[in-house]
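Encoded as structure tokens, the structure appears first; notes follow it.
The values are calculated or read from the model by the stated rules, or taken from the named source; none is laboratory data. Treat the numbers as computed from the prediction; the structure is a model and nothing was measured. Quick reminder, even Gly has a Cβ in these numbers, built from the backbone with ideal geometry, and neighbours come from all protein chains shown. SASA here: full protein model, heavy atoms, side chains in, ligands and nucleic acids out. Shrake-Rupley method; radii C 1.70, N 1.55, O 1.52, S 1.80 Å.
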Amino acid sequence: DLEPGKSLLEPVKAVVALLEVAPDRIMIPLVASAFRAPLGDVNFGASLVGTTGSGKSVLGALIQQFFGVGMDYEHLPGSWESTSNALEKQCSQAKDVVFVIDDFKPTNEKSRRDLTAKADRVFRGNANNQGRARLTREASMRRSYVPRCLPIATAEELPRVSSMIGRMICMTVRRGDVSFERLTLAQEKAHLLSECMVGYLEWLAPRLEEVRQDVKKRARELRAEWRGRGGHARAPEIGGSLLAAIEIAASYFGSVGLEPSACQALEARAKTAILEALEQQAEAQVERDFVEVFLAGVRSALTGGRAHLAGLDQGLPEIEPAALGWRAERGRAFEPEWRPQGGRIGWADSRHVWLEPSLAVDAS
């Protein structure tokens, strides 16, 4: 709770200053997520994608700290190392708040499949407002945990499921995007973020149902206005919902003393930033879709006998030759003799594949 009579202008100015830590295409959707979560009925999530050291986890932590100053980047509430069942329950318990799930970092193809399955379960359940139905040993229904938060993933790569990308807004954090000087200042004032959120919730309480209806109406308007933006049918509504949340937040900011011109500037800035984020997400999705089609073609060529990968010594690959375009034939003493199929399109060792670009494109 806030001290009686405490001014909320300083916490609001801390939120406005937070926007300067990284480009608007990153910070505006993140801050909008914090103000959208308490309105409930969230059917989308967010993702911060960047390499190690880019600052994505620290940014996620700052947004989490709107809901508790103790949840810094070393104490984030969610982890992709948790089981799917644990994440499902946590996403249900974290009602009307953002819930940062840290470190989507595949180390090999198996871990990529496992992590993608977890992420798909989190974001699909959130989008559909559904938990997973399960039975006990006695064939009675177990309790189903319906997601009630706005999940934010930090990740080193975009998920490979296009439909999952369509259920979130993705922000790419490149090295150099984050001003670590401003980040340090924001971390020092993180307690003001939670104070701002307490004031927002108190301001919101007597008008919550009205605001919820206003946000839904505004999101529908923007969905129609932004149709075709974002690369997925859901993207305009996600962007519209976030912009509506910023507009509601700006009303709150004005109520505690932020200048009207600053509130109007924030709304205009938010519209530009969210559209930019949606357009960059669409470009990334098109690129990923192209890559997936290409790799699927290469896999088909290898398993269908139209091409092969050689080992680094130009002979049999170290592992899984059957998957790399080689066929076993019966040899002497029943030992198989491996023969390459089709033309060579590259090389492979136990960990890596190198493709000849033109040959691989022709084979796929």
* Residue among LYS118, LYS105 that is open to solvent by 30 Å² or more (accessible area, probe 1.4 Å), in contact with a Phe, Trp or Tyr (Cβ under 7 Å, 6 or more places away or on another chain) and at pLDDT below 95 -> LYS118
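Going by what's in this entry, would LEU242 be described as modelled with pLDDT of 95 or more and surrounded by fewer than 19 Cβ atoms within 10 Å (Cβ to Cβ)?
Numbers: modelled with pLDDT of 95 or more: yes; surrounded by fewer than 19 Cβ atoms within 10 Å (Cβ to Cβ): no.
Spelling it out, it is not the case that LEU242 is modelled with pLDDT of 95 or more and surrounded by fewer than 19 Cβ atoms within 10 Å (Cβ to Cβ).
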* **Given (1) open to solvent by 70 Å² or more (accessible area, probe 1.4 Å); (2) free of Cβ contacts under 8 Å to residues at least 12 places away in the same chain; (3) among the β-branched types (Val, Ile, Thr), index of the condition THR184 fails** => (1)
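From the list GLY68, GLY60, GLY53, GLY40, which one is small (Gly, Ala, Ser) and surrounded by 24 or more Cβ atoms within 10 Å (Cβ to Cβ)? Show your work before the answer.
Values: GLY68 fails: surrounded by 24 or more Cβ atoms within 10 Å (Cβ to Cβ); GLY53 fails: surrounded by 24 or more Cβ atoms within 10 Å (Cβ to Cβ); GLY40 fails: surrounded by 24 or more Cβ atoms within 10 Å (Cβ to Cβ).
Unique residue meeting the criteria: GLY60.
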* Asked: Can you find a residue in segment 215-235 that is modelled with pLDDT of 95 or more and out of contact with any Leu (no Cβ under 9 Å at 6 or more places or on another chain)?
  -> no
* Structure fact -> Picked from segment 123-136 (must be open to solvent by less than 70 Å² (accessible area, probe 1.4 Å) and touching a Phe, Trp or Tyr at 6+ places or on another chain (Cβ under 9 Å)), the residue modelled with the lowest pLDDT is GLY131
* **Close pairs from segment 61-82: first among the acidic types (Asp, Glu), partner open to solvent by less than 20 Å² (accessible area, probe 1.4 Å) and not in a loop (DSSP other than H, G, I, E, B), Cβ under 6 Å, at least 6 apart** => ASP72/ALA61
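Of all residues in segment 216-237 being open to solvent by less than 10 Å² (accessible area, probe 1.4 Å) and in a helix (DSSP H, G or I), which is nearest to ALA282 (Cα to Cα)?
Taking segment 216-237 as the starting set, the residues that turn out to be open to solvent by less than 10 Å² (accessible area, probe 1.4 Å) are 219, 222, 226, 230, 235-236.
Filter once more, keeping what is in a helix (DSSP H, G or I): 219, 222, 235-236.
Details: ALA219: 19, LEU222: 17, ALA235: 9, PRO236: 11 Å.
Result: ALA235.
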